[in-house]
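Please read the structure below before turning to the comments.
The values are calculated or read from the model by the stated rules, or taken from the named source; none is laboratory data. All of these numbers come straight from a predicted model, not from anything done at the bench. In this analysis, Cβ positions are derived from the backbone assuming ideal geometry, glycine residues included, and neighbour counts consider all displayed protein chains. Protein only, heavy atoms only, side chains kept; ligands, DNA and RNA dropped before computing areas. Shrake-Rupley method; radii C 1.70, N 1.55, O 1.52, S 1.80 Å.
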Amino acid sequence: ELDLFDNKISGTIPTELSQLPLKILQLSTNQLSGSLPPIFNPDLEILDVSANDLDGILPEELFDATLLKEVNLSMNRFSGTLSSDFDVLSGLRKLLIGLNSFSGEVPISFGDLKSLEIFHATYNDLTGSMPNEVCDLLDFRLKRLSTDCASTGSGRPAKITCSCCTLCLEGNNP
């Protein structure tokens, strides 16, 4: 386990972290910048890089860490579309991606995440409709599903349509 929560660490994340046999990598609430490097070893179960200044798209190597149970990418500047490869993370329980710039639609393959308990995706640029396959997860373990599915106070339509979300926000980045 490497827990560097709230240490005022700045700079980029060293790629050498991938060589450590970590189950937990906690780097949240620092001042890390740049893109997320391929730092994922096969034993990694918890990845938390929230509340930093990370940007760019998610590296495909993320999906090599098939034992991941929790991924917290919230409060950064990640962008790009959500990969349909998330479905290889079959044991994923928490996926927290709020307060980023992810765009496009939530892939149908997210419906294969049968262990998912929390999917928090508010304050992004996601569009379209939440797939029925994801809504069906509420019959399994999914307890919290949040997106930008509320109309804005100024009458603008919701960014994403979601008939099953447990929390709908307006999605105006604060």
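Scalar couplings 3J(HN,Hα) for the range 79-96, obtained by applying the Karplus form with A = 6.51, B = -1.76, C = 1.60 to θ = phi - 60°, are 9, x, 8, 7, 5, 6, 6, 4, 5, 6, 8, 5, x, 5, 9, 10, 10, 10 Hz; x denotes Gly and Pro.
Seen from I160, the other residues with C-beta closer than 13 Å to its C-beta sum to a net charge of -2, counting Lys and Arg as +1 and Asp and Glu as -1.
Computed from backbone phi with θ = phi - 60° and the Karplus coefficients 6.51, -1.76 and 1.60, the 3J(HN,Hα) list for the range 105-113 is 9, 6, x, 4, 4, 4, x, 7, 7 Hz; x is used for glycine and proline. When you count the other C-beta atoms within 10 angstrom of each residue and take the mean per peptide, 135-141, 73-79 line up highest first as 73-79, 135-141.
At most 12 other Cβ atoms within 10 Å and a DSSP loop assignment: could you name the GluC sites (Glu not before Pro) in the range 96-147 that fit?
none
Can you bin the range 86-174 into rounded, prolate or oblate? Criterion: square roots of the alpha carbon gyration tensor eigenvalues sorted a ≥ b ≥ c, rounded for a/c under 1.5, prolate for a/b above b/c, oblate for the rest. Cα axes put the range 86-174 in the prolate bin.
Around S79, under 10 Å between beta carbons, what's the net of Lys plus Arg minus Asp minus Glu among the other residues?
Working: positive: R77; negative: D55, D125.
Local net charge: -1.
Listed by chain and number, the lysines whose alpha-carbon sits under 30 Å from that of K143, ignoring those within fewer than 8 places in the same chain, are K23, K69, K94, K114, K159.
Unpaired cysteine residues in the chain (no second Cys Cβ under 4.7 Å): none present. Put the Cα centre of the range 1-68 next to the Cα centre of the range 106-174 and the gap is 25 Å. Every pair of different Cα atoms in the chain enters the Kirkwood calculation, which places the hydrodynamic radius at 16.3 Å. Per residue, the range 39-174 exposes 44 Å² of solvent-accessible protein surface, assessed with a 1.4 angstrom probe and all protein chains in place.
Starting from 0 in steps of 5 Å, tell me what percent of the Cα-Cα pairs of the range 104-147 lands in each bin. Reading upward from the zero bin: 6, 24, 35, 25, 9, 1. Considering only C162, P42, L95, and ranking their Cα positions along the charge dipole of the chain that arises from unit charges at the beta-carbon of Lys, Arg, Asp and Glu, the one farthest toward the positive end is C162.
Can you give the local net charge around L137? Use residues other than it whose beta-carbon is closer than 15 angstrom to its beta-carbon, Lys and Arg +1, Asp and Glu -1.
Numbers: positive: R93, K94, K114, R141, K143, R144; negative: D87, D112, E117, E133, D136, D139.
Neighbourhood net charge equals 0.
Basic side chains Lys and Arg get +1 at the Cβ, acidic Asp and Glu get -1 at the Cβ, and with that the dipole of the chain about its Cα centre reaches some 520 debye.
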